[in-house]
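Single-structure report; data block below.
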Amino acid sequence: MSFNSFGHVFRFTTWGESHGPALGAVVDGCPPGLALSESAIQPWLDKRRPGSSRFTTQRQEPDQVRILSGVFDGRTTGTPISLMIENVDQRSKDYSEVAQSYRPGHADYAYDAKYGFRDYRGGGRSSARETAARVAAGGIARLVIPEVRIRAYLVELGGDAIDRAAFDDAQIDANPFFCPDAAAAIRWETIVDDSRKAGSSVGAVVECVAEGVPAGWGAPLYAKLDAELAAACMSINAVKGVEIGDGFAAARLTGETNADPMLPGNDGKPIFLANHAGGIAGGIATGQPVVVRAAFKPTSSILTPVETITRGGSAGEIRTKGRHDPCVGIRGAPVVEAMVALVLADQKLLNKAQCGA
């Protein structure tokens, strides 16, 4: 079996490799009649694009998306929408050493163990380059859920967290870290610069909030909204943990402190006094903001020598040359946004199919 697709009704499949001629996605199940052009997708890709600052990989990719099918006279037709993004700045020669030895912490060995061979050029399908296709697909998903506002930002980098009291939404797009805390963004410049100079890398935590999700989206058991969101975010390269709402911190609360008290509202809907559950209860949206957090591990491709083995089983060391993100979590923010959008678009259509709204 091959698993390159995600979703139920609104479903997408990604294709392509990091150093192949192109990569892309096929989106199926999109409702017909939605206004769609490349210009509706491109801004989201520009947020994820490599080489946008000194704090990301210096691979220069324009990430210009082309719509190959599923659109006529500027509107979706209800048929599969094929998206393509060309690779124009590959440097496969940088990976000659990786061809012979495995990068510890990377998917090199696992891919080889499964398939018997691997595309070592940039990691092939295991490269974060694949996430460009997800962001393109996510741009279409947003058109299905215009009532929802999705915003992702970094709340921690290299172990240094933001000050929640200093949270400023306007700062998210004002610095290269998608950081809502201006003071933290300045500190993070030094952390990333020092890590790059040391030939190392750092991790990060991305938080994503979706506002406007109606109560009722989701399902009680095997298509729980939080389970779908967790699966979507865990499928992102380098993500090693996902939290919904308070997440692991909820295990340290009591029943009364973890509760989200309700008061009657004027429209018959409850007024919530807290949101420890992250907008989801019993797998179904409550109408509160949906809150998801994803932990990105440090990039495995580093210049610091690390013990490893060759494909032949001999001991050795490896230093990974080439252009790599010193913190892959920075460009992970637009990817988390896209995956949340893709899940919510799918859940909206699932809910409409069962409940008619």
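Quick look at the values:
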quantity	calculated
Residues with amide H under 5 Å from that of G241, placed H, sequence gap 5 or more	A295
Bins of 20 Å, starting at 0 and running to the largest distance - Cα pair percent for the chain	29, 57, 14, 0
Distant alpha-carbon pairs in segment 215-294 (separation over 16 angstrom), percent	55 percent
Angle in degrees between helix 225-234 and the longest Cα principal axis of the chain, rounded to the nearest 10	10 degrees
Rounded to whole Hz, the Karplus (6.51, -1.76, 1.60) HN-Hα couplings of segment 18-27, x for glycine and proline	4, 10, x, x, 6, 9, x, 8, 10, 9
Normalised per residue, the volume of the convex hull around the Cα set of segment 182-227 (Å³)	104 Å³
Longest to shortest principal axis, alpha-carbon extents of segment 288-357, angstrom	60, 27, 19
All Cα pairs of segment 261-302, percent lying beyond 15 Å	55 percent
Debye log10 I(q)/I(0) for segment 90-220, one point scatterer per Cα, at q = 0.12 Å⁻¹	-0.74
Proximal lysines relative to K348, as straight alpha-carbon distance under 22 Å, when same-chain residues fewer than 8 apart are discounted	K224, K269
Between 0 and 90°, nearest 10: helix 332-355 axis offset from the chain longest Cα axis	40 degrees
Taking the chain and dividing mean pair separation by its residue count, relative contact order in percent (alpha carbons under 8 Å, at least six apart)	22 percent
Electrostatic dipole magnitude of the chain [Cβ: Lys, Arg +1; Asp, Glu -1; Cα centre; debye, to 20]	840 debye
Mean residue ellipticity (222 nm) of the chain, computed from DSSP H runs ≥ 4 via -39,500 (n - 2.57), nearest 500	-7500 deg cm²/dmol
Segment 273-282 - phi-based ³J(HN,Hα) in whole Hz, Karplus 6.51/-1.76/1.60, Gly and Pro as x	9, 7, 9, 4, 7, x, x, 9, 9, x
Volume per residue that the Cα convex hull of segment 307-348 spans, once the total is divided by residue count, Å³	131 Å³
Heavy-atom accessible area per residue - the chain, 1.4 Å, Å²	45 Å²
Extension gain (nm, one decimal) between F117 and S39, 0.36 nm per residue minus Cα-Cα	24.2 nm
With Cα atoms, 0 to 90° folded angle of helix 38-48 axis to the chain main axis	60 degrees
Within the accessible area of the chain (1.4 Å probe), percent carbon and sulfur	56 percent
Ordering of 97-109, 154-166 by burial proxy (mean other Cβ atoms within 10 Å per residue, highest first)	97-109, 154-166
Positive-end extreme of charge dipole, segment 79-182 - chosen from S126, Y102, G116 (charges on Cβ)	G116
Derived scalar couplings ³J(HN,Hα) [segment 67-76; Karplus, 6.51 cos²θ - 1.76 cosθ + 1.60; whole Hz; x for Gly, Pro]	8, 9, 7, x, 9, 9, 6, x, 10, 5
Nearby lysines by direct alpha-carbon distance to K197 (threshold 29 angstrom, same-chain neighbours under 8 apart not counted)	K47, K93, K240, K297, K321
Pairwise Cα inverse-distance average, inverted: Kirkwood Rh of segment 155-268 (Å)	17.2 Å
Ratio Rg/Rh [Cα only; Rh per Kirkwood] for segment 218-357	1.13
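The values are calculated or read from the model by the stated rules, or taken from the named source; none is laboratory data. Treat the numbers as computed from the prediction; the structure is a model and nothing was measured. Here the Cβ is made from the backbone with ideal geometry for all residues, glycine too, and neighbour counts use every protein chain on show. SASA here: full protein model, heavy atoms, side chains in, ligands and nucleic acids out. Shrake-Rupley method; radii C 1.70, N 1.55, O 1.52, S 1.80 Å.
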